[in-house]
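Worksheet: one structure, shown below.
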Amino acid sequence: SLCTGDAPSLSYQELKDLKKTTVLHVDVRERWEIDKFGKIPASINIPLGELVEALQMDPMEFKEKYNQKMPAKSDPVVFSCLAGKRSKQALSFAMSLGFS
């Protein structure tokens with residue numbers, strides 16, 4: 001299940017369309033879930049428990065740890081998880097840190 005600020009949930013097709021743009025797709029599942037169920041192409045894995053810290057990192061440290069440019073507070077970001085609960089929490093965390 002997927003969440004963005006404007007649209008609390010997205011269909012698979014909406015996500016595919018968004019991924020043609022410059023959206024950052026953050027998968028907040030645990031690493032063992034990625035190993036068991038597979039990685040979503042062109043997403044980065046930041047487990048929910050690491051997300052608040054990750055979104056407050058120094059941009060160089062973020063790039064080093066996640067091999068991805070750190071999103072600016074105005075950049076489009078989509079969160080996903082297995083059922084939707086953690087992606088909604090991730091969205092709340094990001095918005096509380098000033099992400100739009």
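Summary table below
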quantity	calculated
Qualifying residue in the stretch 47-66 (condition: polar (S, T, N, Q) and within 13 Å of the chain's Cα centre (by Cα))	no
Residue list for the stretch 32-90, filter: over 22 Å from residue 11 (Cβ atoms) and charged (D, E, K, R)	35, 36, 50, 53, 58, 61, 63, 64, 65, 69, 73
Candidates 36, 16, 69, filtered to the one that is at negative phi and either modelled with pLDDT under 90 or among the acidic types (Asp, Glu) (or both)	16
Strands (runs of 3 or more DSSP E) wholly inside the stretch 1-80 that include at least 3 residues being touching a residue at least 40 places away in the same chain (Cβ under 8 Å), in contact with a His (Cβ under 9 Å, 6 or more places away or on another chain) and loosely packed, with under 15 Cβ neighbours inside 10 Å	none
Among (1) open to solvent by 30 Å² or more (accessible area, probe 1.4 Å); (2) in a helix (DSSP H, G or I) - the single one residue 87 does not satisfy	(1)
Within the stretch 44-66, considering residues that are among the aliphatic types (A, V, I, L, M) and within 14 Å of residue 27 (Cβ to Cβ), the one modelled with the lowest pLDDT	44
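The values are calculated or read from the model by the stated rules, or taken from the named source; none is laboratory data. This structure is a prediction, so every number in the text was calculated from the model and none was measured. When we count neighbours, we look across all protein chains shown, and the Cβ atoms used for this are built from the backbone with ideal geometry, even at glycine. Only protein heavy atoms, including side chains, enter the accessible area calculation; ligands, DNA and RNA are left aside. Shrake-Rupley method; radii C 1.70, N 1.55, O 1.52, S 1.80 Å.
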